[in-house]
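Since the structure comes first, as structure tokens, the remarks are kept for the end.
Bear in mind these aren't lab numbers, they're just calculated from the coordinates by the rules spelled out. Quick caveat, the model's predicted, so the values are computed rather than measured. Here Cβ is always computed from backbone atoms with ideal geometry, including for glycine, and neighbour counts include all displayed protein chains.
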Amino acid sequence: MKRYLVIISLIFCYPVFSQNSDLKKHNLSLKLVSKLDLGEKFDLSDNNVSLLFRDQLLKKNISVSDEDPRYFISISFGWKYRRATELKIDNYKGFIIDKKNEDKVISEFSSSKIRDLDESIRVLVEEIFNLNNRMDDSGKFIDISDHFQRMDMKSWNSSRPDSHGPALIFGDHTHKRGGIMIGLRGSYSNSEDVLNDNVIFNQNQITQFYNLHVYSQRITTHYLEFMYGINDKLTISSVLSFLNYKSNYLNKKGDDNYISSSGLGDTELQFLYGIFKKNWLKFHLNIGLIIPTGNNKMDLPYQLHTGNGYFSSLIGSTILFQTKKFSGGLQPIFRSPLHMNSKNYKLGNFLDFNYWVSYLLTDNLSISYRQNYLNKGPISGIDEKLDIKDMILNNSSNYGHIIFDNAFGLNFSFSNRSLINSRLSLEYSFPIYQSFNGLQTGNINKINLSLQYSPGGHKNH
């Protein structure tokens, strides 16, 4: 039985073996990434090699014309002296370009050390047709700038709009050595109603204990992100932030006012170390430090300082997957203060756990769904300059929570030449579960926006 299976396998594999043998024999290299429509017209560049190519196409009843062709075959070649005074064509290379699809390159071919030019062209054309017959309609175009980095469709495709996490997921991917990414992100959050645990308190209940009734908080954050591949395993990521806080409150007479602050936030520095990358699956560690570059010196409530005033550690991991239409990821990140600040307090430990899934609608557009579990621990210590009876924000007992968010997003990658290698993401999130320590403003809704650019292109990550 085994003998028959071997024979059958050899029969079916013979065309592949034969193809590889012919290609090696003539020093040919051939790549095809999209199926050719052989009913369309072909045009070629004007040289000796192109003329031989044209003859082979005509033998296969392919229409060759310079009037409104679908495909253009660009061929160049090099000479070599066969004798002291006689030149012969020694090598050639070329591309097949789809003119009706933004001049995308769908095939690359080359040959070197040519012995028989006629036979080399014949074998090349034959193999193009063989490959085309075995290809289904799922093949994708590639840009010449990527230099055929995505020929293997089983490998990770970083040009897809869903290849990164949603708008406000940081440290979600690594870069190859020398790869760079610059990102601009923004987040706007609005919280209303005062809650204890998950129960809403009204103004009359609040003013029994506090002079002022803080009924809403708005936070606008701008991020500047930079990523660099130190080597193929290690990527460094830095995030600078600028924050704007505004808390609206009422006094006991019902007069409306607000307290606000703005400035540079703390800087987050991460080292992303790749553990494994196997086709559709990636996994890396997130290890970092939060540097106290923000302002913690003003006499403000705990949550209105733009900086914490101390160093914090960061540790976590990220796992990503990608299939033909779906992608997703999972990222737990834990942040912990390393010491007290100069005001003799520190905020609680912070667990930020995200997982998401995306669906590819087109080559440039995807939708995403994310869930986020946030767990902030209570404050340790106390700022003695704050009047606890003034407002809920001054009371260290009113800090810490568990929030479970739903988030829906759109992700777009640009194909326009002036914006190529850029990615835009938009996301809206809202809570489906919230539990607060003490009294805090809740019902936090967020809008997140992200624009990322990789100067070296998608081949670098």
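For the stretch 238-339, the set of chymotrypsin sites (Phe, Trp or Tyr not before Pro) satisfying both a DSSP loop assignment and a count of at most 16 other C-beta atoms within 10 Å is given as W280, F311. Calculated FRET efficiency, E40 to D299, Cβ-Cβ distance, R0 = 51 Å: about 0.10 to the nearest 0.05. Annotation: amide H-H contacts under 5 Å for K41 (H modelled 1.01 Å from N, sequence separation of 5 or more, or interchain): R70, Y71.
Given the pairs K35/K233; K99/K325; K93/K282; K31/K99; K233/K325, which are separated by over 25 angstrom at their Cα positions?
Working: K35/K233 35 Å; K99/K325 27 Å; K93/K282 35 Å; K31/K99 18 Å; K233/K325 27 Å.
Check vs 25 Å cut-off fails for K35/K233; K99/K325; K93/K282; K233/K325.
Assign one of three labels to the chain, namely rounded, prolate or oblate, based on the Cα gyration tensor with a ≥ b ≥ c the square roots of its eigenvalues; rounded applies when a/c is under 1.5, prolate when it is not and a/b is larger than b/c, and oblate otherwise. Because a/c hits 1.5 or more and a/b exceeds b/c, the chain counts as prolate. Taking trypsin sites (Lys or Arg not before Pro) across the stretch 44-111, the ones in a DSSP loop with at most 13 further Cβ atoms lying within 10 angstrom of their Cβ are K60, R82, R83, K100. Relative contact order of the stretch 180-460, taken over Cα pairs closer than 8 Å and 6 or more residues apart, is 19 percent. Taken one residue at a time, the phi angles of the stretch 214-227 give Karplus couplings (6.51, -1.76, 1.60, θ = phi - 60°) of 7, 10, 7, 9, 10, 10, 10, 10, 10, 10, 10, 10, 9, 10 Hz. Gly and Pro are set to x. Each part gets one Cα centre, and for the stretch 402-443 versus the stretch 187-220 those centres are 23 Å apart.
List the relative contact order of the stretch 316-408 as a percent without decimals, with contacts defined as Cα pairs under 8 Å and 6+ residues apart. Before the final figure, lay out each step's value.
Working: 186 pairs, mean separation 22.2, N = 93.
So the answer I get is 24 percent.
Once the piece of chain linking I382 and W280 is laid out straight, how much longer is it, given 0.36 nm per residue of separation minus the C-alpha distance between them?
Numbers: separation 102, 0.36 × 102 = 36.72 nm, distance 4.86 nm.
Here the answer is 31.9 nm.
Order by neighbour count: S450, S163, fewest other Cβ atoms within 10 Å first, most last.
Working: S450 25, S163 22.
With the fewest neighbours first, S450, S163 line up as S163, S450.
Cross-link partners among aspartates and glutamates for K346, C-alpha distance below 16 Å, same-chain residues fewer than 8 apart left out? Within the straight-line cut-off, K346 pairs with D266, D299, D383, E384. Which residues in the stretch 280-294 place their backbone N less than 20 Å from a point set 7 Å from the Cα of M340 along the Cα-to-Cβ direction? Under 20 Å, as judged by backbone N against the label point of M340, lie 292 of the stretch 280-294.
Subtracting the Cα-Cα distance of E119 and D68 from 0.36 nm times their residue separation leaves 15.4 nm of extension gain.
Taking a threshold of 24 Å on the Cα-Cα distance, which of the pairs K278/K376; K25/K176; K246/K446; K60/K324 fall above it?
Working: K278/K376 35 Å; K25/K176 35 Å; K246/K446 15 Å; K60/K324 34 Å.
Pairs exceeding the cut-off: K278/K376; K25/K176; K60/K324.
A full extension of the chain between L289 and I447 corresponds to an added length of 54.3 nm, given 0.36 nm per residue minus the alpha carbon distance.
What is the stretch 251-311's relative contact order, in percent, from Cα pairs under 8 angstrom and six or more apart in sequence?
Details: 94 pairs, mean separation 20.7, N = 61.
This gives 34 percent for the stretch 251-311.
Using the Karplus relation 6.51 cos²θ - 1.76 cosθ + 1.60 with θ = phi - 60°, the per-residue 3J(HN,Hα) values for the stretch 67-78 come to 9, 6, x, 7, 10, 10, 9, 9, 10, 10, 8, x Hz, with x marking Gly and Pro.
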